[in-house]
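Below is one structure, written out as structure tokens; comments come after it.
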Amino acid sequence: MERSSDSSLVIGVATSTAERVHLARLLGGAEALLLVSSADQARAFLELTGVAPAISPAVLAPAVLPTSEQPAQIKAVPEPAVELYLDVDRRVVRWKDREVSLTRLEHDFLHCLVEEPGRVWTYQRLHHAVWGNEHLGHGSHIHSVVKRLRQKLSNLGATVTIHAVRGVGFHLLPTT
């Protein structure tokens, strides 16, 4: 495929697979797209190809997008080695060959997070999806559910957990 001299290459840098999948969805319409896990990988690619960046890099922060209906069983992180499943019919979360029961609130909360791994769910969107109203109060009920879910994921030995984004909300990411 020949490219014109005014064609552009978009290089996305994201440390986790979930973030790279999200970037691919956002930037999938680009003429040429390269997704890497570090700025060093991007530099190495540019050096190998002899391409000199024509402009300075831009940092893009994707907006939170609405989600659609999901199937009864949802794979939580798009990596082959990860085996976290949420069984929405039985209200259990399964990691490999182990599973644990969830309360309705835990189930609904985790369901939001596994719909799109890595995506940050705001406090408001989580509250509306899980509790069905806009009242946030002081947030201790949200943090209580997060604490219980983190403990249950840890007890399963799962390599994903719920990470807080200060002042914004939560997302499901691999443990570090």
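The values are calculated or read from the model by the stated rules, or taken from the named source; none is laboratory data. Note that the structure is a prediction, hence the values are computed from the model and not measured. No Cβ is skipped: glycine too gets one built from the backbone with ideal geometry, and neighbour counts run over all protein chains shown. The accessibility values were calculated without ligands, DNA or RNA, using every heavy atom of the protein model including side chains. Shrake-Rupley method; radii C 1.70, N 1.55, O 1.52, S 1.80 Å.
Out of the residues in the range 93-124 meeting the condition of being open to solvent by less than 10 Å² (accessible area, probe 1.4 Å) and out of contact with any strand residue (DSSP E or B) (no Cβ under 7 Å at 6 or more places or on another chain), tell me which one is farthest from Asn155 (Cα to Cα). Ranking the qualifying residues of the range 93-124, first place goes to Phe109. If the condition is being assigned to a helix (DSSP H, G or I), in contact with an Asp or Glu (Cβ under 9 Å, 6 or more places away or on another chain) and either under 15 Å from Tyr85 (Cα atoms) or at pLDDT below 90 (or both), then the range 131-159 contributes Trp131, Leu149, Lys152, Leu156. Scanning the range 125-140 for residues that are touching a residue at least 12 places away in the same chain (Cβ under 8 Å) and either acidic (Asp, Glu) or surrounded by fewer than 14 Cβ atoms within 10 Å (Cβ to Cβ) (or both) yields one hit, Gly139.
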